[in-house]
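Below you'll find the structure, written out as structure tokens, and then a few comments.
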Amino acid sequence: MQKISRTSSGSDLANISNNDPAVQQALAAGIRDACVNVGFFYVRNHGISEETISATLEVAKEFFALPLETKMKLENHKTPNFKGYSPLLSGNNNPDNAGDLQEGFEFGWEPIDPLTARDDEDSETMSGANVWPLELPELRRKALKY
């Protein structure tokens, strides 16, 4: 069985496409271990270029710097599939707290070019259209490329 390269907070995805069930199980076990015993993990060899990562991070910073009222137009509780903006304190991972000190932006897969849409879109709760800010149109393209 192949050992997954993992420090206390990292998982190597170099073998993510390997069809060997033992390799797949080892990768899953390494990620599970990091999630259960550490609480997070860094991913290596994911195939996303540094240029794409940097561009996405920059546009994300621009989004979160928008005025709250602009972001709240996209609040994820206003959509049936919970996609969009998650404001500060809206999540609560600890029932003893008043809410988590984080913001978020939920989105799912969609084709960058709408003319290449999939016909197999399922009807699960989280499927369906994403919402994007009109004030920052490049967020859609950069986030989906990422």
Note to self: Restricting to region 109-146, count the residues that are modelled with pLDDT of 90 or more, assigned to a loop (DSSP other than H, G, I, E, B) and open to solvent by less than 100 Å² (accessible area, probe 1.4 Å).
What the structure shows: 7
Note to self: Just the residues that are of a type in the set (Asp, Glu) and surrounded by 14 or more Cβ atoms within 10 Å (Cβ to Cβ), please, taken from region 91-107.
What the structure shows: ASP100, GLU103, GLU106
Next item on the list: For SER86, state whether it is among the hydroxyl-bearing types (Ser, Thr, Tyr), more than 18 Å from VAL131 (Cα to Cα) and either within 20 Å of the chain's Cα centre (by Cα) or loosely packed, with under 11 Cβ neighbours inside 10 Å (or both).
Entry: no
Next item on the list: Output the qualifying pairs, or none if there are none: Cβ atoms under 9 angstrom, residues six or more apart or on different chains, first residue in region 9-32 and of a type in the set (A, V, I, L, M), second residue in a helix (DSSP H, G or I) and open to solvent by 70 Å² or more (accessible area, probe 1.4 Å).
Entry: ILE16/GLN24
Check: Are there any pairs with C-beta distances below 9 angstrom linking a residue in region 54-67 that is among the small types (Gly, Ala, Ser) to a residue that is in a helix (DSSP H, G or I) and open to solvent by 80 Å² or more (accessible area, probe 1.4 Å), with the two at least 6 apart or on different chains, and if so which?
Finding: ALA55/LYS145
Next item on the list: For residues that are closer than 21 Å to ASN93 by Cβ and of a type in the set (D, E, K, R), scanning just region 15-56, find the one that is least open to solvent (accessible area, probe 1.4 Å).
Entry: ASP33
Check: Hey, does region 64-83 have a residue that's among the polar types (S, T, N, Q), surrounded by 14 or more Cβ atoms within 10 Å (Cβ to Cβ), within 16 Å of VAL131 (Cα to Cα) and modelled with pLDDT of 90 or more?
Finding: yes
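The values are calculated or read from the model by the stated rules, or taken from the named source; none is laboratory data. These numbers come from a predicted model, not from an experiment. Because the Cβ atoms are built from the backbone with ideal geometry, glycine has one as well, and the counts that use them run over all protein chains shown. For the accessible areas, the whole protein counts, side chains as well, though only heavy atoms, and no ligand, DNA or RNA atoms are used. Shrake-Rupley method; radii C 1.70, N 1.55, O 1.52, S 1.80 Å.
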